[in-house]
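Here the structure comes first, spelled out in structure tokens, and everything after it is commentary.
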Amino acid sequence: MNSMARWLDVEVGTDDIVLNTLPSDVTLVDLHNDNEIKLLVGDLGKGEEGPKLKVFKGAMQVSDMVLPDLPLGVVGFYTNETVPRSQPVIGIAFSSCIHMYRNMKIFYKYYLPTVEFNTCEMEVWKQLMDPLNHNTEVIAALTESFKSIPEKVLSTQSRNFLAMSEDQQLEYLEHLTELPSRKVPEIACIATLKMQSVDRYSVSCLVVGSEDGEVIVLETQTFTQIAQAKVCTVKKTPCYMVTTGLFNVDYRITIATREKSVCVLKREWPEGRLLFSTDEHIIAMEVMTADNSIMVICTDHTMACYSKKGKKQWSMNLEHRPVAMTLVPVVHLGVTLTAVALASGHVHLYDGKARRDTLFVRDVVSVMKFGQLGQEEHVLIIVTGGGNLMLKILKRTADFNAHSAGVEATASAAIAQKPWLIPKKSKLFLEQSLRERENAGMMHEVFQLELNRLRLLAAKTLLEAHMKCDNSIGSGAMEPVRLTAEVEGLGPVFRVGLIIENTSSDKAVIGLSILFHVHTSNYKVSHPYIKVPLISPGSKLKFPTKVEEVFEENINPDVFFRTVTGQGGEAALVKVLLLKHGRSAPVLAATVQMPPTDPMMLPYEKLQSTQNFEHNT
């Protein structure tokens, strides 16, 4: 696969650029509203150099800003839709707060709401506050009590106290004047969610995941909390979050946790639900925009795809350990690829399970991001483990179909790629489209009326089928039997033959019986109840029974033509029920439509009664 034909390498401005960052600290923002997308990187710093926010215009670094702490996540969003458009806000998450920057100047700080201390933890702090316990032996015993508390529940103050030496712990307790009563939760990850429009410059809200397993949604104009929920019923710590949908309509927050699981949180849910669990820890997660399917790479060298309901669709083993993943949406080709970086330096691009392209990077990839940078719409941004920044631009002539990728296309794929013969828009089509737009409301009402009418007809048909009991009254586990009926004769005495077949190949059927249900004023059955002996596997038994039609003294002549007039109704039906010993409901049921009696088969006296009926009427 010739990847050089698809990508252009961009040489970064200077060799002095050394980046030490995380995937959550890289974002693309139109920083000055000039349609020039900038690359913002939250650099963790290295050596004596502290953390900074670095801004790149294309391949050149144009500015940087010193940060007060290590950044946990960098996002860009808009707070209003005024015209002219206001500049975006840059949100940078730190330990327990989020700093909001506009024009690269801080204008607001948001702190996560504090929570009460754990009861056991509070008791230990009360004992530590006592001056009588300020000796190394007692402190060592009390710190063991801290270690017995789960680390997820333990507050930051307690974890910092455990990290101190004995002398530092004594000095800290001597200067401690107040008992810590509340703990400040730590931020684990951060993301944005569109409020009411999917437009690039529409208003977004902030989604914050905390170390305590909480997800908080913030309104970005007043920075107030508008929603809060737990990640899952069981406490889980989020590490990656991907948001889809709109907050005011419907949305999904897909959350990867450190407990080898993925959860989903929807609108107005008080807590998320577990979608699936993985065998090993999750390295990266992406959500496909087309069908909300979830792609994950794990530490066991696997890449898997799950449906939005958590069902595994496929899984594949990778040649080397995966280190990063990002989506590569190519809009003009109508395809969204998945780029997976391996520890060997290779970057594979997959369309589902099919590999479409391969890139080689001289160093191990640390962070990957794909999107618009500057005026170029399709740029793959790579930060290596050594701190180098690489840019690869996708050519406009690039193609990722199976043939161009060096993959032999199947017959079905070739048919699918064949262009559709779509006719041109005619004048009649344009007039019809205009008519539909003008009468949209009335058409919707007519459609709803016809839909309700169809539902009513379906319900009536279902009720009619249920009343006729054609194999619909059997309940529970069905026996492996088949029931058929045959009617022989011209009347008034008919021979009804019932055939019961055991369809099982290894199981015999026992304990069955046959019951006839008829209108006694119309028919008389010689043996209305028949016991069925054991039926061996694959065999059948036939039970003949005589059914005689009963006539009144004055016979209505129309009874002989009921198949034409339809006057027989339910009176002309014979219901056959197959019963099972110990079961209250029939196993099977069949309805036999009895034919009318041939008038020539009736005695002369009966034929005379038809004339009496005509005289009486």
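The values are calculated or read from the model by the stated rules, or taken from the named source; none is laboratory data. All values reported here derive from a predicted model rather than from experimental measurement. Cβ atoms come from the backbone with ideal geometry, glycine included; neighbour counts cover every protein chain shown. In case anyone asks, the SASA skips ligands and DNA or RNA and just uses the protein heavy atoms, side chains included. Shrake-Rupley method; radii C 1.70, N 1.55, O 1.52, S 1.80 Å.
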*Any chance you could count how many residues in the stretch 509-532 are open to solvent by 50 Å² or more (accessible area, probe 1.4 Å), farther than 11 Å from Leu577 by Cα and among the hydroxyl-bearing types (Ser, Thr, Tyr)?*
3
*Looking at (1) farther than 19 Å from Val55 by Cα; (2) touching a Phe, Trp or Tyr at 6+ places or on another chain (Cβ under 8 Å); (3) without any contact (Cβ under 8 Å) to a residue 40 or more places away in the chain, can you tell me which one Trp125 breaks?*
(3)
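Please verify whether the stretch 18-40 includes one or more residues that are of a type in the set (Ser, Thr, Tyr), part of a strand (DSSP E or B), touching a residue at least 24 places away in the same chain (Cβ under 8 Å) and surrounded by fewer than 19 Cβ atoms within 10 Å (Cβ to Cβ).
No, the stretch 18-40 contains no residue that is of a type in the set (Ser, Thr, Tyr), part of a strand (DSSP E or B), touching a residue at least 24 places away in the same chain (Cβ under 8 Å) and surrounded by fewer than 19 Cβ atoms within 10 Å (Cβ to Cβ).
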*Would the stretch 232-241 turn up any residue that is under 21 Å from the mean Cα position of the chain (by Cα) and closer than 22 Å to Asn80 by Cα?*
no
*Pair list, Cβ < 6 Å and 6+ apart or interchain, from the stretch 293-312 residues that are farther than 17 Å from Ile255 by Cβ to residues that are open to solvent by 20 Å² or more (accessible area, probe 1.4 Å) and of a type in the set (A, V, I, L, M, F, W, C)*: Met303/Met316; Cys305/Trp314
*Taking the stretch 482-506, which residues are surrounded by 13 or more Cβ atoms within 10 Å (Cβ to Cβ), assigned to a loop (DSSP other than H, G, I, E, B) and under 58 Å from the mean Cα position of the chain (by Cα)?*
Thr503, Ser504
*Select from the stretch 347-367 the residues that are closer than 25 Å to Gln313 by Cα and not acidic (Asp, Glu) and list them in ascending order.*
Val347, His348, Leu349, Tyr350, Gly352, Lys353, Ala354, Arg355, Arg356, Thr358
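Kindly establish whether Lys105 is at pLDDT 80 or above, loosely packed, with under 13 Cβ neighbours inside 10 Å and touching a strand residue (DSSP E or B) at 6+ places or on another chain (Cβ under 8 Å). Full working, then the answer.
Values: at pLDDT 80 or above: yes; loosely packed, with under 13 Cβ neighbours inside 10 Å: yes; touching a strand residue (DSSP E or B) at 6+ places or on another chain (Cβ under 8 Å): no.
Considered against the rule, which asks whether it is at pLDDT 80 or above, loosely packed, with under 13 Cβ neighbours inside 10 Å and touching a strand residue (DSSP E or B) at 6+ places or on another chain (Cβ under 8 Å), Lys105 comes out as no.
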*From the residues in the stretch 46-72 that are under 24 Å from Ala191 (Cβ atoms) and out of contact with any strand residue (DSSP E or B) (no Cβ under 7 Å at 6 or more places or on another chain), which one is least open to solvent (accessible area, probe 1.4 Å)?*
Asp69
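Touching a helix residue (DSSP H, G or I) at 6+ places or on another chain (Cβ under 6 Å), over 25 Å from Leu40 (Cβ atoms) and in contact (Cβ under 8 Å) with a residue 24 or more places away in the chain: is that true of Thr114 in this structure? Before the answer, list the steps.
Values: touching a helix residue (DSSP H, G or I) at 6+ places or on another chain (Cβ under 6 Å): no; over 25 Å from Leu40 (Cβ atoms): yes; in contact (Cβ under 8 Å) with a residue 24 or more places away in the chain: yes.
Against the criterion (touching a helix residue (DSSP H, G or I) at 6+ places or on another chain (Cβ under 6 Å), over 25 Å from Leu40 (Cβ atoms) and in contact (Cβ under 8 Å) with a residue 24 or more places away in the chain), Thr114 does not qualify.
Among the residues of the stretch 319-330 satisfying the criterion of being touching a residue at least 24 places away in the same chain (Cβ under 8 Å) and not in a strand (DSSP E or B), which is least open to solvent (accessible area, probe 1.4 Å)? Step through it out loud before you land on a result.
Step one: filter the stretch 319-330 for residues touching a residue at least 24 places away in the same chain (Cβ under 8 Å), giving 319-320, 322-330.
Checking the rest, the ones that are also not in a strand (DSSP E or B) come to 319-320.
Working: Glu319: 100, His320: 85 Å².
Within the stretch 319-330, the match that is least open to solvent (accessible area, probe 1.4 Å) is His320.
Kindly indicate the residue of the stretch 274-297 that is among the small types (Gly, Ala, Ser) and in a loop (DSSP other than H, G, I, E, B) and also modelled with the highest pLDDT among those meeting that condition. Lay out the reasoning, then the answer.
So in the stretch 274-297, the residues among the small types (Gly, Ala, Ser) come out as 277, 284, 290, 293.
Imposing the further condition that a residue be in a loop (DSSP other than H, G, I, E, B) reduces the set to 290, 293.
On the way: Ala290: 82, Ser293: 92.
This residue is Ser293.
Among the residues of the stretch 135-168, which ones are assigned to a loop (DSSP other than H, G, I, E, B) and either surrounded by 15 or more Cβ atoms within 10 Å (Cβ to Cβ) or modelled with pLDDT of 80 or more (or both)? Walk me through how you get there before you give the answer.
Step one: filter the stretch 135-168 for residues assigned to a loop (DSSP other than H, G, I, E, B), giving 135, 149-155, 164-165.
Those that are assigned to a loop (DSSP other than H, G, I, E, B) and either surrounded by 15 or more Cβ atoms within 10 Å (Cβ to Cβ) or modelled with pLDDT of 80 or more (or both): Ile149, Leu154, Ser155, Met164, Ser165.
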_List pairs: first residue in the stretch 368-390 and of a type in the set (Asp, Glu), second residue assigned to a strand (DSSP E or B) anywhere in the structure, Cβ distance under 8 angstrom, at least six positions apart or on different chains._
Glu376/Ile393
*Can you run down the residue pairs with Cβ atoms below 6 Å, 6 or more apart or on separate chains, where the first is in the stretch 501-525 and touching a residue at least 60 places away in the same chain (Cβ under 8 Å) and under 18 Å from Val547 (Cβ atoms) and the partner is surrounded by 14 or more Cβ atoms within 10 Å (Cβ to Cβ) and among the basic types (Lys, Arg)?*
His517/Lys575
_Restricting to the stretch 194-212, count the residues that are part of a strand (DSSP E or B), over 14 Å from Phe223 (Cα atoms) and open to solvent by less than 40 Å² (accessible area, probe 1.4 Å)._
2
*Could you list, in sequence order, all residues of the stretch 337-372 that are open to solvent by 40 Å² or more (accessible area, probe 1.4 Å) and closer than 14 Å to Phe400 by Cα?*
Asp351, Lys353, Arg355
*Within the stretch 373-401, count every residue that is open to solvent by less than 40 Å² (accessible area, probe 1.4 Å) and of a type in the set (Ser, Thr, Tyr).*
1
*Of all the residues that make up the stretch 331-352, how many are free of Cβ contacts under 8 Å to residues at least 60 places away in the same chain and part of a strand (DSSP E or B)?*
12
